[in-house]
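*Asks:* Before anything else, here's the structure in question.
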Amino acid sequence: EPVELASAPCLMSEVAQSYFGFLEPGEVLDLLNLLLECERAGAQGVMELARRPGNAHVRLALREIGGDEARFCVLLARHVERLGGTPSTAVGDFYAKLMAKDSLAAQLALLDRGQSWVADKLREAIPKLTDTALIRDLQVMLDVHDANIARARTLAR
């Protein structure tokens with residue numbers, strides 16, 4: 001007598017990605033747009049800090065960190081478009097919070113927390129992705145954020 005199976009292995013490709021622990025396409029786009037808004041806020045804030053008078057070494061480091069943030073804005077927007085979404089044009093709340101701080105030391109401490117938040121989001125998301133090009137680029141973004149976290153901490157001293 002034939003055995004009736006609940007599902008054929010060949011139908012596994014039709015199972016939602018979330019079944020396997022991966023993000024669904026809409027979730028990936030939401031994540032990328034959230035990161036884009038955060039990076040845009042960071043880029044604008046850090047570049048504004050870098051234009052202020054003060055220690056030339058600190059200003060140079062901030063310009064470089066701001067350049068990284070801007071580069072990742074472009075990267076994230078390209079991935080959103082490639083995946084069929086529309087890149088967000090919003091600036092995250094981080095910008096206003098950064099500008100509201102009354103000292104460079106407080107701003108650098110907030111920059112550290114903001115960069116760490118993005119790095120944590122990336123560490124959480126990367127294992128849940130299936131797109132190899134996106135994984136590669138987000139891993140680079142994570143590595144740069146980790147380096148910039150260390151850099152910002154030395155600037156705060």
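*Asks:* Using only the C-alpha atoms of segment 21-73, find the volume of their convex hull and express it per residue in Å³.
*Replies:* Cα-based convex hull of segment 21-73, divided per residue, equals 67 Å³.
*Asks:* Turning to a different aspect of this structure: Accessible area of the chain with a 1.4 Å probe: how many percent of it is carbon plus sulfur?
*Replies:* C and S atoms contribute 56 percent here.
*Asks:* Using only alpha carbon positions, build the gyration tensor of segment 101-157, then give the equivalent ellipsoid semi-axes as the square roots of 5 times its eigenvalues, largest first, whole angstrom.
*Replies:* After scaling each eigenvalue by five and taking roots: 27, 10, 7 Å.
*Asks:* Figure the gain on full extension for residue 140 and residue 157 (residue separation times 0.36 nm, minus the Cα-Cα span) and round it to one decimal in nm.
*Replies:* Using 0.36 nm per residue and subtracting the Cα-Cα distance, I get 3.5 nm.
*Asks:* Could I ask something else about it? Please give the FRET efficiency for residue 57 paired with residue 116, using the beta carbon to beta carbon distance and R0 = 30 Å, rounded to the nearest 0.05.
*Replies:* E between residue 57 and residue 116, to the nearest 0.05, is 0.85.
*Asks:* Just checking my list [x] 1.41; [y] 2.02; [z] 1.31 against Cα Rg over 2.2 N^0.38 Å computed from this structure; which label fits?
*Replies:* Among [x] 1.41; [y] 2.02; [z] 1.31, the one derived from this structure is [z].
*Asks:* How many nm separate the modelled label positions at residue 90 and residue 133, each set 7 Å beyond the Cα in the direction of the Cβ?
*Replies:* With each label point 7 Å from Cα toward Cβ, the separation is 2.6 nm.
*Asks:* Can I ask one more? Between residue 105 and residue 82, what length comes free when the chain is fully extended (0.36 nm per residue of separation minus the Cα-Cα distance, one decimal in nm)?
*Replies:* Difference between extended and current length: 4.4 nm.
*Asks:* Pairs of alpha-carbon atoms within less than 8 angstrom and 6+ residues apart define the contacts here; what relative contact order does segment 26-132 have, in percent?
*Replies:* Result for segment 26-132 is 34 percent.
*Asks:* Treating the angle as unsigned and between 0 and 90°, give the value, to the nearest 10°, between the Cα long axis of helix 56-82 and the longest Cα principal axis of the chain.
*Replies:* 20 degrees
The values are calculated or read from the model by the stated rules, or taken from the named source; none is laboratory data. No experiment lies behind these values; they were computed from the predicted model shown. Note that we place each Cβ from the backbone using ideal geometry, even for glycine, and neighbour counts take in every protein chain shown. The area values use the complete protein model at the heavy-atom level, side chains included, leaving out ligands, DNA and RNA. Shrake-Rupley method; radii C 1.70, N 1.55, O 1.52, S 1.80 Å.
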